[in-house]
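Chemist: I have a structure here, written as structure tokens, and I will follow up with some questions on it.
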Amino acid sequence: MSPTVDLTNDGDIAVLTIDSPPVNALSADVRDGLAAGFAAAIADPLVRAIVLICAGRTFIAGADISEFGKPPRGASLHQVQLDMEASPKPIVAAIHGTALGGGLEVALACHYRVAVPSAKLGLPEVKLGLLPGAGGTQRLPRLVGVEQALKMVTSGVPIGGKAALSFGLVDELAPEGELLATAKAFAGRSGLALIQVRDRNEKVEAAHANAVTLFADFRKANARAMRGFEAPEANIKCIEAAVNLPFADGLAFEREQFMHLMNGLQSKAQRYAFFAERMANKIDGLPADAKPLPVESVGIIGAGTMGGGIAMNFLNAGLPVTIVETKQEALDRGVATIRKNYENTAAKGRMTAADVEARMALLTPTLSLEDLGQADMIIEAVFENMDIKKEVFGKLDRIAKPGAILASNTSYLNVDEIAASTSRPESVIGLHFFSPANVMRLLEVVRGARTDVQVLATAMATAKRIGKVAAVSGVCHGFIGNRMLSLRQQQAQALLLEGALPEQVDRVLYDFGFPMGPFQMSDLAGLDIGWSADTSKGATIRDRLCEAGLRGQKNGHGFYDYDAQRNRVPSPVAEKIIFDFAAEKGIQRRDIDDTEILERCLYPMINEGALILAEGMAQRASDIDIVWIYGYGWPVYRGGPMFWADHQGLAKVAAGLTRYGFEVAPLLAKLAAEGGSFTGQV
Ligand code: T1G
Ligand code: NAD
């Protein structure tokens with residue numbers, strides 16, 4: 001039929017099989033194959049019904065995102081769907097793996113859908129800054145109802161086969177491994193009505209009466225999660241259209257909204273982030289034979305803030321973990337925190353009590369480092385002190401089995417220096433998790449000068465296995481994220497002295513899309529992290545605040561004062577300390593506008609990003625963007641600092657840096673001068 005679509009007949013049932021690895025995306029070839037396949041099967045007098053199925057690991061995982069923004073070619077998906085709906089023979093979709101986006105929309109144009117229980121069905125377009133542009137917003141609510149459709153298109157989270165059956169999204173579940181047979185049997189039933197989803201109006205009509213309240217309540221309940229994004233509201237409007245307009249008008253409205261988003265910068269940024277996330281997992285120049293080593297058991301050293309969270313990632317993946325502490329009390333506290341976290345999740349219904357016990361059963365607490373002798377991977381998360389880390393790695397070198405991976409969760413320290421405290425630096429790597437480590441998806445994989453490529457490949461594979469988005473960093477102070485963050489923090493502090501207020505700086509970055517500004521973040525983390533009264537010199541605002549007893553949220557007083565419900569108001573005490581400190585420094589405070597605040601917080605970190613790139617501390621600019629999106633709350637709809645800088649115009653960024661007294665990084669100056677970009681996206 002076509003290189004990607006095959007048509008076979010089994011008796012009077014035609015089977016159209018899409019085979020277009022890796023995820024059977026709806027590329028031009030696949031659309032052409034479907035158009036030709038359906039036409040042939042419909043025209044074949046021997047054919048009574050048609051089954052659509054996919055080869056490989058998944059049903060259609062959506063439109064081919066890599067075709068977006070390019071001149072259209074091949075059959076139109078819209079026309080393929082119209083031909084399917086108009087078919088005089090029932091068409092049954094047979095779904096396994098993921099039926100996502102355009103893939104689910106093709107299934108919704110079929111008369112019936114059969115799936116295996118393990119299948120995932122969803123419309124994740126909102127995660128690409130889009131909406132389902134092939135009728136999904138009009139057909140889905142007609143099957144699953146308005147509220148469920150709203151949830152699915154605004155969260156982009158797929159549902160499983162069983163849930164899909166219960167919502168009426170699929171008509172039958174097939175036993176795993178018997179999908180084709182079940183779908184053929186279903187298609188072969190006599191008297192199957194040619195029901196088009198577009199004509200099943202009961203559920204949208206039922207919502208008509210209280211539509212205004214329903215949509216208002218939904219918008220209100222999800223305002224916080226949707227803040228700053230354009231796509232969720234457009235998705236809601238389309239579901240509203242499904243309730244208020246005839247199908248064809250709703251479809252036209254959906255098309256218009258889709259094109260508006262498709263041509264917008266937010267979707268461009270989110271599509272960029274989609275591929276950047278997948279690219280980050282690829283290591284340039286990695287020999288093809290650098291296959292990941294097996295990791296079937298893990299050791300964690302230190303059960304503090306990070307050790308516990310790190311352990312949970314591996315327990316969640318079903319891997320046995322041995323966790324080591326120095327004292328029983330610290331060990332008990334660490335294990336209790338892990339159990340508490342799981343019990344909280346179970347209390348929210350997101351796991352069962354049996355799941356909690358199953359994970360805790362995989363955890364072995366110990367006070368003996370020797371118990372890590374058989375671990376495949378060992379991750380150290382002890383105090384951020386080089387001597388302590390070297391001592392630990394020295395001992396590990398004698399205990400760990402040959403070939404074991406020795407990793408450090410250090411935030412800043414030199415991984416090569418840590419590695420040099422062993423006789424096997426090639427087995428040492430940095431695995432920098434972010435707090436809370438069981439939640440934050442980013443993992444900075446720090447490649448040491450002597451780290452073996454197989455150790456690196458294993459780290460990347462392990463990251464994917466525990467659901468992390470990994471990006472490779474070279475060895476430098478603060479790696480990629482913290483190194484750039486320190487520039488932003490420095491500027492934020494300087495702005496306070498020169499005339500800005502904590503709440504002003506925080507508002508500017510919050511409005512930009514960060515979950516919170518630097519001063520609210522400092523209060524949350526604790527103003528005294530790494531501070532001690534004995535060594536404090538009163539040299540910074542933070543020193544002065546700590547010397548005055550302010551600690552942040554934990555004692556209710558920091559840059560803000562907090563009530564029992566953690567509501568915050570600007571702190572007059574902090575403000576006075578800032579003003580006095582500025583006066584002491586002879587700084588004449590002035591009014592500073594929001595633009596200057598934003599540029600001085602973001603431009604220097606972008607400049608540092610250019611240095612990181614030029615030094616080869618990051619493989620590519622998109623890795624830097626992934627670090628900031630998954631580790632530091634950079635709004636994904638702005639693509640990350642390097643993507644954002646490209647769209648601001650590097651000449652403007654370079655000029656701003658000069659204006660604010662910064663030396664422009666050579667790479668940035670060069671790209672600005674030649675009209676280039678970091679990401680190649682402009
Ligand atoms: N288009 C093009 N390439 C895709 C793709 C897609 N839709 N989905 C995946 N890939 C590539 C990916 O880049 C990677 O390539 C390889 O496949 C494996 O992916 C009209 C407008 C399906 C759950 O948003 O969520 O339909 O890196 O590493 O972890 O309304 O991929 O190997 O070169 O992610 O097993 C809507 C996107 C599109 C789903 C599999 N669909 N994909 O996850 O593998 S918009 C989506 C995923 C749309 C219509 C609209 C995941 C996956 P490479 P992977 P995975
Ligand atoms: P923490 O103080 O909460 O925990 C450290 C734990 O290590 C303590 O429980 C301590 O008893 C234990 N420990 C110390 N020496 C030990 C030894 N020799 N053997 C076994 N256990 C020992 O610190 P944390 O915040 O979890 O930080 C741990 C590491 O992770 C540090 O390197 C830190 O820089 C890094 N890190 C921290 C964060 C964060 O946000 N807290 C984020 C990323 C990385």
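Chemist: Beyond 16 Å, what share of the Cα-Cα pairs of the range 562-682 remains, rounded to the nearest whole percent? Mind dumping the intermediate values first?
Modeler: Values: 4905 of 7260 pairs.
That tail contains 68 percent of the Cα-Cα pairs.
Chemist: When only Cα pairs under 8 Å and 6 or more residues apart are kept, what is the percent relative contact order across the chain?
Modeler: Values: 1264 pairs, mean separation 59.5, N = 682.
Rounded, it is 9 percent for the chain.
Chemist: A further question follows. What ranking of ASP199, ASP6 emerges when the number of other C-beta atoms within 10 Å of each C-beta is taken as an exposure proxy, fewest first? Kindly include the intermediate steps, with their values, before the conclusion.
Modeler: Details: ASP199 10, ASP6 15.
Result, fewest neighbours first: ASP199, ASP6.
Chemist: Run the numbers on the range 275-323 and let me know its relative contact order in percent, using alpha-carbon pairs under 8 Å that are six or more apart. Write down the numbers at each step before the final one.
Modeler: On the way: 30 pairs, mean separation 17.2, N = 49.
Here the relative contact order equals 35 percent.
Chemist: Let me ask something else. What translational D, rounded to a whole number of µm²/s, comes out for the range 188-228 from Stokes-Einstein when the hydrodynamic radius is the Kirkwood one over Cα pairs, at 4 °C and 1.567 mPa s?
Modeler: Working: Rh = 13.4 Å.
Roughly 97 µm²/s, to the nearest whole number.
Chemist: Classify the range 24-116 as rounded, prolate or oblate, taking a ≥ b ≥ c as the square roots of the eigenvalues of its Cα gyration tensor: rounded when a/c is under 1.5, otherwise prolate if a/b is larger than b/c and oblate if not. Mind dumping the intermediate values first?
Modeler: On the way: a/c = 2.02, a/b = 1.27, b/c = 1.59.
Taking the square roots of the gyration eigenvalues as a ≥ b ≥ c, the range 24-116 is oblate.
Chemist: Taking the Cα atoms of the range 427-569, what is the range of coordinates along each of the three principal axes, in descending order and whole Å?
Modeler: Between the extreme Cα coordinates on each principal axis of the range 427-569 lie 50, 33, 27 Å.
Chemist: Quick one: which of 402-408, 586-592, 10-16 comes out on top by average Cβ neighbours within 10 Å, and what's the full order, highest first?
Modeler: Values: 402-408: 21.9, 586-592: 11.0, 10-16: 18.9.
By packing density, highest mean first, the sequence is 402-408, 10-16, 586-592.
Chemist: Next question, about the same structure. In units of 2.2 N^0.38 Å, what is the alpha-carbon radius of gyration of the range 1-51? List each step's numbers first, then the result.
Modeler: Numbers: Rg = 10.9 Å, N = 51, 2.2 N^0.38 = 9.8 Å.
That works out to 1.11 for the range 1-51.
Chemist: What would the Debye formula give as log10 I(q)/I(0) at q = 0.16, 0.24, 0.27 Å⁻¹ for the alpha-carbon point model of the range 532-605, no solvent?
Modeler: Once normalised to I(0) and log-transformed, intensities are -0.75, -1.10, -1.11.
Chemist: While we're here: Projected onto the charge dipole of the range 447-512 (+1 at Lys/Arg Cβ, -1 at Asp/Glu Cβ, origin at the Cα centre), which of SER486, ALA449, VAL508 gives the Cα projection farthest towards the positive end?
Modeler: Positive-end residue among those listed: ALA449.
Chemist: Let me ask another. Summarise the long-distance tail of P(r) for the range 612-652 by giving the % of C-alpha pairs beyond 16 Å. Before the final figure, lay out the partial values.
Modeler: Details: 290 of 820 pairs.
That tail contains 35 percent of the Cα-Cα pairs.
Chemist: Provide, in order from the shortest bin, the percent of all Cα-Cα pairs of the range 192-350 in each 10 Å bin, continuing until the bin that contains the maximum pair distance.
Modeler: Taking all Cα pairs of the range 192-350, the binned fractions are 8, 19, 19, 21, 19, 12, 2, 0 percent.
Chemist: Once you charge only the Cβ atoms, +1 for Lys and Arg and -1 for Asp and Glu, what is the size of the charge dipole of the range 345-486 about its Cα centre, to the nearest 20 debye?
Modeler: Values: 16 positive and 15 negative charges, 102 e Å.
Using only the charged Cβ atoms, the result is roughly 480 debye.
Chemist: Which of rounded, prolate, oblate describes the range 146-222, given a ≥ b ≥ c as roots of the alpha-carbon gyration tensor eigenvalues and a/c under 1.5 marking rounded, otherwise prolate only if a/b is larger than b/c?
Modeler: On the way: a/c = 4.26, a/b = 1.77, b/c = 2.41.
Because a/c hits 1.5 or more and a/b fails to exceed b/c, the range 146-222 counts as oblate.
Chemist: Shifting gears a bit: For MET279, MET617, MET312, MET262, which order do you get if you count the other beta carbons within 10 Å of each Cβ and list the fewest first?
Modeler: In order of increasing Cβ crowding within 10 Å: MET279, MET262, MET617, MET312.
Chemist: May I pose another question? Determine the calculated [θ] at 222 nm for the chain from helices alone, applying -39500 (n - 2.57) to every DSSP H run no shorter than 4 residues and normalising by the residue count; nearest 500 deg cm²/dmol. Don't jump to the answer; show the numbers that get you there.
Modeler: On the way: 28 runs with 324 residues, N = 682.
After summing the helix terms and dividing by the residues of the chain, the value is -14500 deg cm²/dmol.
Chemist: Within a 10 angstrom radius of the beta carbon, how do THR137, THR658, THR462 rank from fewest other beta carbons to most? Don't jump to the answer; show the numbers that get you there.
Modeler: Details: THR137 32, THR658 13, THR462 27.
Exposure proxy ranking, most exposed first: THR658, THR462, THR137.
Chemist: Taking a temperature of 4 °C and a viscosity of 1.567 mPa s, what whole-number D in µm²/s does Stokes-Einstein yield for the chain with Rh from Kirkwood over alpha carbon pairs?
Modeler: On the way: Rh = 27.9 Å.
The Stokes-Einstein estimate is 46 µm²/s.
Chemist: Need one number: % antiparallel among DSSP beta bridges in the chain, to the nearest 5. Don't jump to the answer; show the numbers that get you there.
Modeler: Values: 18 of 61 bridges.
Close to 30 percent.
Chemist: For the range 353-503, take N as its residue count and report Rg(C-alpha) divided by 2.2 N^0.38 Å.
Modeler: Working: Rg = 17.7 Å, N = 151, 2.2 N^0.38 = 14.8 Å.
Expressed relative to 2.2 N^0.38 Å, the Cα Rg reads 1.20.
Chemist: Quick one: which of 227-236, 252-261 comes out on top by average Cβ neighbours within 10 Å, and what's the full order, highest first? Provide the component values of the computation, followed by the final result.
Modeler: On the way: 227-236: 20.7, 252-261: 17.6.
Per-residue Cβ counts within 10 Å, averaged per peptide and sorted highest first, yield 227-236, 252-261.
Chemist: Also: Please report the spacing between the Cα centers of the range 197-247 and the range 550-591 in Å, no decimals.
Modeler: First find each Cα centre; the distance between them is then 43 Å.
Chemist: Place the peptides 446-456, 72-82 in order of packing, highest mean first, counting for every residue the other Cβ atoms within 10 Å and averaging per peptide. Present the calculation step by step, with values, prior to reporting the outcome.
Modeler: Values: 446-456: 20.5, 72-82: 15.8.
Final packing ranking: 446-456, 72-82.
Chemist: Normalised by the residues of the range 398-527, what does the relative contact order come to in percent, with Cα pairs under 8 Å and at least six apart? Write down the numbers at each step before the final one.
Modeler: Working: 164 pairs, mean separation 23.7, N = 130.
Computed value for the range 398-527: 18 percent relative contact order.
Each value in this text was obtained by applying a stated rule to the coordinates, not by laboratory testing. Here the structure is a predicted model, which means the values were calculated and not measured. As a convention, Cβ positions derive from the backbone with ideal geometry for all residues, glycine included, and neighbour counts pool all protein chains shown.
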